[in-house]
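The values are calculated or read from the model by the stated rules, or taken from the named source; none is laboratory data. Owing to the predicted nature of the structure, the values given are computational and were not obtained by experimental measurement. Don't worry about glycine lacking a Cβ; one is built from the backbone with ideal geometry, like all the others, and counts go over all protein chains shown. Note: areas computed on protein heavy atoms with side chains; ligands, DNA, RNA excluded. Shrake-Rupley method; radii C 1.70, N 1.55, O 1.52, S 1.80 Å.
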Amino acid sequence: MVKFSYKLFFVFAFVINCSFAQEVKFSNYTDTTKYYVGDYINYIIEITHDKNVQILMPSVKDSIKDLDFIRQNPTQTSELDEKITEIYQFIFSKYDSADVTIPSFKIFYSVSNSTEKYFIITDSLSISIVLLPVDTSKDIIDVKAPLRIPLEWWVIPLIVVGILIVGFAGYYLYKYYKKRKSNIPVKEKIIQIPLHEIALKKLKELEEKKLWQQGKIKEYHTEITEIIRKYFEDRFNFIALEMTSGEILENLKYHSDGVKILEVTENFLTNADLVKFAKFKPMPNVNNEMMIQAYSIVEQTKKE
């Protein structure tokens, strides 16, 4: 009794499936079976079904691997006698000669008011892609002869006038550009003299004035200290011309080259302050020593 029930169940399921399967009819084909390399291959699937059937079309381009997919045309739908016909058109191509088999694949569908999914299996199709026939005994010729356009008589003077206009326009543009370029001021190259050379030149000029030898001792000490203070400003970047001697010495401590000249600078500035503020009258050898110290300060701190 149990075996009979199982058999009855399977028979019933088969009948139901067949009844659903009869609701869908299909055909798949190509427009021909022989193509030349590079031709468009039209692969068409035509499905006719009842209104309550929904077709679940798979990705056809992924199912056909041996052809190059070009595009899918819009689906064509028509209705006749309560039946719906859907035509799916896919365009493929191939760029080498070969015999190709378009494989069969499943197309699922469902019927309304049912969660079951059914399927149909397309037919496999065989096509051939062949090379274009070439007659190697003939020379290579153009596919189509060159197209010759007759030249009207009035076109020639028009071309000549156009060439003259373009030529005159180019000439005046060239003249304008050249004139404009000549009016642009040329930037002079600025040569920057090293700071130590400037200071040494000023010391040399002061030495040649022979101020202290003429009794102008205060003027001599004022000028020589101004030269060194200005050198400190440019070399070490602090306002030495407005600082006291002590402030200058403190600022020199923050520079590696300044530390080397602390002692000689202190002696130099002390002698100058005595002359300028204490009305000290130094001996000739002191005046000469001031110049030696000034040269030494610049030489020890110069940047090559």
Protein accessible area in the chain, 1.4 Å probe - carbon and sulfur %: 58
Top of Lys138, Lys210, Lys181 by mean-square fluctuation, Gaussian network on the chain, Cα under 10 Å: Lys210
Rg(Cα)/(2.2 N^0.38 Å) for the chain, N = residue count: 2.72
Under 11 Å, Cβ to Cβ, from Lys218 - net charge with Lys/Arg +1 and Asp/Glu -1: +2
Normalised contact order of the stretch 196-260, rounded percent, pairs of Cα under 8 Å and 6 or more residues apart: 21
Longest site-free stretch - the chain; sites: chymotrypsin sites (Phe, Trp or Tyr not before Pro), DSSP loop, at most 12 other Cβ within 10 Å: 155-253
Accessible area per residue, Å², the chain with all protein chains present, probe 1.4 Å: 73
Flagged links, alpha-carbon separation over 32 Å, of Lys181/Lys230; Lys61/Lys117; Lys230/Lys279: Lys181/Lys230
Cut-off 15 Å between beta-carbons: net charge of the residues surrounding Glu247, Lys and Arg +1, Asp and Glu -1: -3
Stokes-Einstein D (µm²/s) once Rh is taken as the Kirkwood radius of the stretch 198-301 over alpha-carbon pairs, at 4 °C in 1.567 mPa s: 95
Using θ = phi - 60° and Karplus 6.51 cos²θ - 1.76 cosθ + 1.60, couplings along the stretch 226-234 (whole Hz; Gly, Pro as x): 5, 4, 5, 4, 5, 5, 4, 4, 6
